[in-house]
Amino acid sequence: GLAYIAYYDALQVLPASQLGAFLNIEPLVTAILAAMMIGEAITVISLIGGAIIIAGVWLVNRKGSP
């Protein structure tokens, strides 16, 4: 709900191609919130997956060489 409202607001500032990569962060945020709210275990594979997600978002959004 609220995340999609924020997404549409952000579309006014950033291009969709750049902002779309941030939708991949949703599972990572969900895992972190589940750990904090209901005590869900964060495993090594979850940490590796989170690092891959962050690296992918960074690769998509980094400035290319001119």
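The values are calculated or read from the model by the stated rules, or taken from the named source; none is laboratory data. Owing to the predicted nature of the structure, the values given are computational and were not obtained by experimental measurement. Methodologically, a virtual Cβ is constructed for each residue, glycine included, from the backbone with ideal geometry; neighbour enumeration extends over all protein chains shown. When the accessible area is computed, the model is the full protein with side chains, heavy atoms only, and any ligands, DNA or RNA have been set aside. Shrake-Rupley method; radii C 1.70, N 1.55, O 1.52, S 1.80 Å.
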**Efficiency of FRET from Cβ geometry, ALA35 and LEU11, R₀ 22 Å, rounded to 0.05** = 0.15
**Average accessible area per residue (Å²) across the chain - probe 1.4 Å, nucleic acids and ligands excluded** = 79
**Request:** Over the chain, calculate the relative contact order: mean separation of alpha carbon pairs under 8 Å at least 6 apart, over the residue count, as a percent.
**Result:** 36
**Asked** Which entry in [x] 14.1, 47; [y] 16.2, 52; [z] 12.0, 43 matches Rg and Dmax of the Cα atoms in Å derived from the coordinates of this structure?
**Response** [x]
**Prompt:** What number, rounded to the nearest 500 deg cm²/dmol, is the helix-based mean residue ellipticity at 222 nm of the chain, given -39500 (n - 2.57) per DSSP H run of at least four residues and division by all its residues?
**Reply:** -20000 deg cm²/dmol
**Message:** In whole percent, and with a 1.4 Å probe on the protein chains, what portion of the accessible area of the chain is carbon and sulfur?
**Reply:** 72
**Request:** Give, in nm to one decimal, the length gained when the segment between ILE45 and ALA21 is fully stretched (0.36 nm per residue of separation minus the Cα-Cα distance).
**Result:** 6.5 nm
